[in-house]
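Working notes, beginning with the structure itself.
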Amino acid sequence: MTFLHPMLLAAGLAAVSIPILIHLLMRRRRKPVQWGAMRFLVEAYKKHKRRLTLEQWLLLAMRCLLIALVAIALARPLVGSAGVFGGTAPVNMYVLLDNSIASQLENEQGTTALATHKESAAALLEQLDSTRGDRAALLTLGGPPEAVVLPPSADIAAVGEALGRVQSCDSRMDLRAAAERLRNHLSRQEGASGQQNVVVVLSDFRAGSGDASESLAGLGGLEDLRVLAPRPSTAIAGNVSIVDVQPIRTFLVSQGTGSEQASATRQAQVRVTLRRSASASGAGAMSRVVVDASEDGRPRGRTDGSVQEAGLGTATVPWDPGQTEARTVVTVEIDGRSGERERVLTARIDADDLPGDNVRRESIEVRDAIRVVIVAPRRLSPTGVRQFNSADWIRVALTPSASGSSPAESLSTRADGIELRQVEPELMDAQRLAGVDCAIITRPDQLEDADWDRLADFARSGGLVMLVTPEEPSVHVWPDAMNRAMGLSWQVGREPIASPDGIAVEAPQGQSGATLLSMLSAELPELVSSVQVMRSLEVSGVDNSSEVVLAMSDGRPLILSGVPSDAESDGGPGSEGSRGRVVLVASALSLDWTDLSARPLMVPLFHELVRQGVGAARGTNGAMAGTWPTAPSRAVELRPSSSRDGLSIGIDPATRLPTRAMRETGVWNALDSAGATVGKVIIDPDVRGSRTEIQDEASVLAWLEQLGGAERVSWIEPRMLDADNGSGEASGVAQGATGSTRLGASLPLLLAALALAFAEAGFARIVSHARSPKEGGL
Amino acid sequence: MAEHMQPAARGPEADASLYLHPQTLARLATFELRAKMIVEGVMAGQHRSPYQGFSVEFAQHRPYVPGDDIRHLDWRVYGRTDKLHLKQYQQETNLDLVLLVDASGSMNFGSRSFQEASGQGRKTSLDERNYWSKYDHATALAAALGYITLKQGDRVGLVVFADEVLSMVSRSSAQGTWRQIVGALSTAPVDRPTDFGRAIDQTLAKINNRCLLVLISDLFTDSQVVRDAMARVRHRRHDLIAFQVLDRRECLFDFEQAAPFEGLEGEPRLRVDPRAIRKGYLEAINGHIESIEKTTRSFGFDYERVNTHDWLGPPLAAFVARRNAQIKRSKYG
């Protein structure tokens, strides 16, 4: 028999000697009584000696047994169906195997946690008896959980083989989802009485694999489950994770022209964020970060592993004692000769105990220019800046180096990496929008509903829509159409608010407002100081999905951006993976409204709005392991770019989502029906699951008790996994895994102890003859 | 409760008044008056003689048989009936009282406080005991009986015994006899086992004429031994009155805590829960007491149970009353 608290059992059994010691001590301390009628006492004693001795021994035995029962109950025995309850009920054992990224953690012997879990699972499976009706199921916990064998199978050997094929993934453990799946299964199995359902959760329960602070509550229908789990790992594991790789610019634009562009080597700055597990946060550690533009993390043409090779960006991050997070910026050179538009940046760090999170990728787009279309009615060339309208100012701002031509002279201008065109509002069709990255609308009041719908579709497909307040109408009703089409909740005033003296403009406070202007963050306060706004529309209702790019000193937004959405979207505005961006300028770019156009801020402001806005609107084609990333259009399957033979994941054309969750990290090529690559999908490890901090037993126990109910969780002791113990009494697993949990065995023992206590009290009263009448006398 | 200690030897300076509570002495005066009323002025006539001879008081006639002394023929009857009858007379003798006091170890038990029992204001006995033992009660009773008897002019002797006769005071009605008796009672050791048969045999060997034996003992000895000893007393035509002295606690056995019990006559220590064994113990001791009483009465002897927690007066009064009734019955019935 196995006990959860063997030390408590030992102490309790030692306490059995207490009644004996009390008896002996009382014998020594009692003063003898001198007695005259001794012969009658001896005569009575001899006559009842056997009965008295028996009573005394029985009483002593009851008292000792009482203490022993309480001790055993408090020690919480793990007694199986063949144990206390004596039943032979078949067992359904559901093995929940942690194959998340945390299971890749290697111990000092080089054995991964997954291998250890699989050994434990195999040992448990060996102790099942299919002839009795035992069955086993296997679910992997790497998110999203996968039912390898479900419903439970009586073919235990086959389950064991399936167990052997389980591989670790790069997603985090999702016990809640597995429990929900189990609940759904069990709800369909109602009526199969006489079977015991035992859930075995095999995990190290580190902070990444099972965060005990997360709630598992609300999983009804699992109260009758008995949960077995190994004790949380206490081994200290050092792990450094790359939690983020973010290019400063999400795409690169050539500054050269013609043949120069083809041979140019472009530099990209990449911000790499590292996290170190708290348990390994000692002093003197350093992490070397290497960033390369290859998909597999190896620089092309590199043969000797030298980090000095051109094109390879490196950085060294020193860790201060107690420091858990660090950022560094690495400059990497990207060879533009390959002709690939989308390049993959791969960041990697030195090997540690958990290799799964040592590599992270991010794509960066290489292109010749950003295509911008200004949707505005054409007019005669202005004779002076006083006649410049918003479209004119934006054209000048975006292409300042296109000298020699007035703003309205050319329909198409290319300068400074921006290819600018202007179209009439009535000519703005889907085909024209499909070829541009950014659409700037300076006369939104002239758009029809169909135009707004086309703009919304353009935005949702990853385009940047910039809306500039027109100066003509006195009443602005176009924001209603904008909100409807874009799914925004901004409340825009219908009439402009005039401030003849002008209102100053302020740089946004905090990080949230500086996303699009992050490159200007250092100079922005000085640049905005000279800007005055005389007239503007009042915008309110800015929620968390929107950000204020520039605001006036009275707090009203001047420029703000948001993510388009519609009611049919599941994710809602601003959800992860949202594409497209809408930027609203609440003031017309006319000198009557604001002098922004004539200030030095104008050029960098609109360049950054366009460049960063296009990058933000483009979204990312990366996703975390364990999710369903949206595939590029026309893609029908995903295949890893590296050599993974035969591995292919289909794409549902309706949803553009893969048919299964992407658990493996790497670069996946999205292929169309003809087998041509139409895009890339980058899967990064879910670093939330790679935290290796250990958790204490109490918190994990409380966490698991949310799964199976209070007092229904037992730890798997190492000796319970010893198959040599056989199926007899010594076999802990045969009893612990298939039998009752702590309270299940303890409760009958406590009840028995209570009954014995009453029996002892009654028997002691009878034996002591305390109530016998005072007979005799003279 | 007074616990028990091995008694020390009593000193000769013991005062007789130690054994006679004022209430007891007051009652004894009444006994003496009542005794005088039974046989007014004739000390010898107070006691019935077991010998039917030819003394003073006519008893009965019986037919003459050859060999009878013709001096006892009643010629008056012969004259009236022409038949020969002899006159028989009841012989009246002086009462020789022999007090047999048990001084064995078991008599040293007592649960009554000495101060309460003695009535002398003393908290302890002369040997520093704080309890009133059965031996104390027995000696008080013996002294009282001796006092009565001596007051009536009869001879009184004393035998103190345990496993043998420990001390003896010859029968006498002299003035100093009572002090001798008290002195003997005071000096008797009480830590030896009982051999009742041997003590009776030694006593009977010292007595020639018929006596009234007053046995004062707890009689915690085998009832068969008591029977045999009484049979020998009966055979020697002695009369006997048995006072069985018992302590109330011996008859209640009301201990509540388990404790080791040690015998006063050298028995080994016995660890026992008194509550568990009480019933058996009471059965044993009550059976023994009943057996002793039945045995005593089967020989025609008197039996009286004496409780150390009672005054001596009531048992003495009961005894004297019963004794007088017997005398009257034998004299007139």
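The values are calculated or read from the model by the stated rules, or taken from the named source; none is laboratory data. In this text, all values refer to a predicted model and were calculated from it rather than measured experimentally. Cβ: placed from backbone, ideal geometry, glycine included. Neighbour counts: every protein chain shown. When the accessible area is computed, the model is the full protein with side chains, heavy atoms only, and any ligands, DNA or RNA have been set aside. Shrake-Rupley method; radii C 1.70, N 1.55, O 1.52, S 1.80 Å.
Residues of region A:666-723 that are modelled with pLDDT of 80 or more, surrounded by fewer than 19 Cβ atoms within 10 Å (Cβ to Cβ) and on the phi > 0 side of the Ramachandran plot: A:G675 alone.
Here A:G164, A:G191 are screened, and the one residue that is modelled with pLDDT under 85, exposed (fewer than 15 other Cβ atoms within 10 Å of the Cβ), of a type outside the set (D, E) and over 17 Å from the mean Cα position of the chain (by Cα) is A:G191. Taking region B:214-223, which residues are within 14 Å of another protein chain (Cβ to nearest Cβ) and either crowded, with 22+ Cβ neighbours inside 10 Å or in a loop (DSSP other than H, G, I, E, B) (or both)? Within region B:214-223, B:S217, B:D218, B:L219, B:F220, B:T221, B:D222 meet the criteria.
Considering only residues that are among the small types (G, A, S) and at pLDDT 85 or above, which ones fall in region A:752-778? Reasoning before the result, please.
First pass over region A:752-778, keeping only residues among the small types (G, A, S): A:752-753, A:755, A:757, A:759, A:761-762, A:764, A:768, A:770, A:772, A:776-777.
Once the filter is applied, which keeps residues that are among the small types (G, A, S) and at pLDDT 85 or above, region A:752-778 yields A:A752, A:A753, A:A755, A:A757, A:A759, A:A761, A:G762.
Which residues, taken from region B:229-254, are among the hydrophobic types (A, V, I, L, M, F, W, C) and either without any contact (Cβ under 8 Å) to a residue 40 or more places away in the chain or part of a helix (DSSP H, G or I) (or both)?
From region B:229-254, those among the hydrophobic types (A, V, I, L, M, F, W, C) are B:229-231, B:233, B:240-243, B:245-246, B:251-253; that's our starting set.
Residues satisfying the conditions are B:A229, B:M230, B:A231, B:V233, B:C251, B:L252, B:F253.
Applying the set (1) surrounded by fewer than 21 Cβ atoms within 10 Å (Cβ to Cβ); (2) among the small types (G, A, S); (3) more than 9 Å from every other protein chain (Cβ to nearest Cβ) to B:A242 leaves exactly one unmet item: (1). Within region B:251-264, the residues that satisfy the criterion of being facing another protein chain (nearest Cβ under 7 Å) and among the charged types (D, E, K, R) are B:D254, B:E262. Restricting the first member to region A:363-390 and to residues that are touching a residue at least 60 places away in the same chain (Cβ under 8 Å), and the second to residues that are assigned to a strand (DSSP E or B) and open to solvent by 80 Å² or more (accessible area, probe 1.4 Å), the beta-carbon pairs closer than 7 Å and six or more apart or on different chains are A:A369/A:R414; A:V373/A:R421.
Do we have A:G435 as of a type in the set (G, A, S) and closer than 21 Å to A:A397 by Cβ here?
Numbers: of a type in the set (G, A, S): yes; closer than 21 Å to A:A397 by Cβ: no.
No.
Can you give me the number of residues within region A:343-380 that are of a type outside the set (S, T, N, Q), under 16 Å from A:G313 (Cα atoms) and not in a loop (DSSP other than H, G, I, E, B)? Step through it out loud before you land on a result.
Initial filter on region A:343-380 (of a type outside the set (S, T, N, Q)): A:343-345, A:347-357, A:359-362, A:364-380.
Now restrict to residues that are under 16 Å from A:G313 (Cα atoms): A:343-345, A:347-350, A:359-362, A:364.
Subset that is not in a loop (DSSP other than H, G, I, E, B): A:343-345, A:347-348, A:359-362, A:364.
Qualifying residue count, region A:343-380: 10.
Out of A:R50, A:R39, A:R30, one residue alone is open to solvent by 70 Å² or more (accessible area, probe 1.4 Å) and more than 7 Å from chain B (Cβ to nearest Cβ). It is A:R50.
Selection of region A:293-340 for residues being open to solvent by less than 60 Å² (accessible area, probe 1.4 Å), at pLDDT below 60 and over 20 Å from A:R249 (Cβ atoms) yields A:G297, A:P299, A:G305, A:S306, A:V307, A:E309. Here B:R275 passes the criteria (1) more than 7 Å from every other protein chain (Cβ to nearest Cβ); (2) modelled with pLDDT under 85 except the one numbered (1).
Rundown of residues vs (1) assigned to a strand (DSSP E or B); (2) farther than 25 Å from A:E365 by Cα; (3) not β-branched (V, I, T), yes/no style:
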{"position": "A:I651", "(1), (2), (3)": "yes, no, no"}
{"position": "A:A654", "(1), (2), (3)": "no, yes, yes"}
{"position": "A:S673", "(1), (2), (3)": "no, no, yes"}
{"position": "A:V681", "(1), (2), (3)": "yes, no, no"}
{"position": "A:T692", "(1), (2), (3)": "no, yes, no"}
{"position": "A:Q695", "(1), (2), (3)": "no, yes, yes"}
{"position": "A:A698", "(1), (2), (3)": "no, yes, yes"}
{"position": "A:L701", "(1), (2), (3)": "no, yes, yes"}
{"position": "A:E705", "(1), (2), (3)": "no, yes, yes"}
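Hey, could you check region B:255-299 for residues that are touching a residue at least 60 places away in the same chain (Cβ under 8 Å) and assigned to a loop (DSSP other than H, G, I, E, B) and say which is least open to solvent (accessible area, probe 1.4 Å)? That would be B:L264.
Give the residue, chosen from B:R248, B:R237, that is more than 7 Å from chain A (Cβ to nearest Cβ) and either aliphatic (A, V, I, L, M) or open to solvent by 20 Å² or more (accessible area, probe 1.4 Å) (or both). Step through it out loud before you land on a result.
Details: B:R248 fails: more than 7 Å from chain A (Cβ to nearest Cβ).
B:R237 is the lone residue from the list that is more than 7 Å from chain A (Cβ to nearest Cβ) and either aliphatic (A, V, I, L, M) or open to solvent by 20 Å² or more (accessible area, probe 1.4 Å) (or both).
Could you look through region A:435-473, keep only residues that are among the small types (G, A, S) and open to solvent by less than 20 Å² (accessible area, probe 1.4 Å), and pick out the one that is modelled with the lowest pLDDT?
Of all residues in region A:435-473, those among the small types (G, A, S) come to A:435, A:439, A:450, A:456, A:459, A:461-463.
Still in the running and open to solvent by less than 20 Å² (accessible area, probe 1.4 Å): A:439, A:456, A:459, A:462-463.
Values: A:A439: 92, A:A456: 88, A:A459: 86, A:G462: 81, A:G463: 86.
By that ranking, first place goes to A:G462.
Let's see how each residue does on (1) assigned to a helix (DSSP H, G or I); (2) more than 14 Å from chain A (Cβ to nearest Cβ); (3) touching a residue at least 24 places away in the same chain (Cβ under 8 Å):
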{"site": "B:V101", "(1), (2), (3)": "no, yes, yes"}
{"site": "B:D127", "(1), (2), (3)": "no, yes, yes"}
{"site": "B:D136", "(1), (2), (3)": "yes, no, yes"}
{"site": "B:Y147", "(1), (2), (3)": "yes, yes, yes"}
{"site": "B:L150", "(1), (2), (3)": "yes, yes, yes"}
{"site": "B:L158", "(1), (2), (3)": "no, yes, yes"}
{"site": "B:V169", "(1), (2), (3)": "no, yes, no"}
{"site": "B:Q175", "(1), (2), (3)": "no, yes, no"}
{"site": "B:L185", "(1), (2), (3)": "yes, yes, yes"}
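B:V226 meets all of the listed conditions (1) in contact with a strand residue (DSSP E or B) (Cβ under 8 Å, 6 or more places away or on another chain); (2) part of a helix (DSSP H, G or I); (3) of a type in the set (A, V, I, L, M); (4) within 14 Å of chain A (Cβ to nearest Cβ) but one, namely (1).
In region B:56-97, what residues are modelled with pLDDT of 70 or more, part of a strand (DSSP E or B) and hydrophobic (A, V, I, L, M, F, W, C)?
Our first condition is that a residue be modelled with pLDDT of 70 or more; within region B:56-97, this holds for B:60-88, B:96-97.
From the residues that got through so far, the ones that are part of a strand (DSSP E or B) too are B:60-63, B:73, B:85-88, B:96-97.
Of everything in region B:56-97, those that are modelled with pLDDT of 70 or more, part of a strand (DSSP E or B) and hydrophobic (A, V, I, L, M, F, W, C) turn out to be B:L73, B:L86, B:L97.
Inside region A:458-491, can you point out the residues that are in a loop (DSSP other than H, G, I, E, B) and either hydrophobic (A, V, I, L, M, F, W, C) or farther than 21 Å from A:A430 by Cβ (or both)?
Our first condition is that a residue be in a loop (DSSP other than H, G, I, E, B); within region A:458-491, this holds for A:461-463, A:469-477, A:487-490.
Scanning region A:458-491 gives A:T469, A:P470, A:E471, A:E472, A:P473, A:S474, A:V475, A:H476, A:V477, A:L488, A:S489, A:W490.
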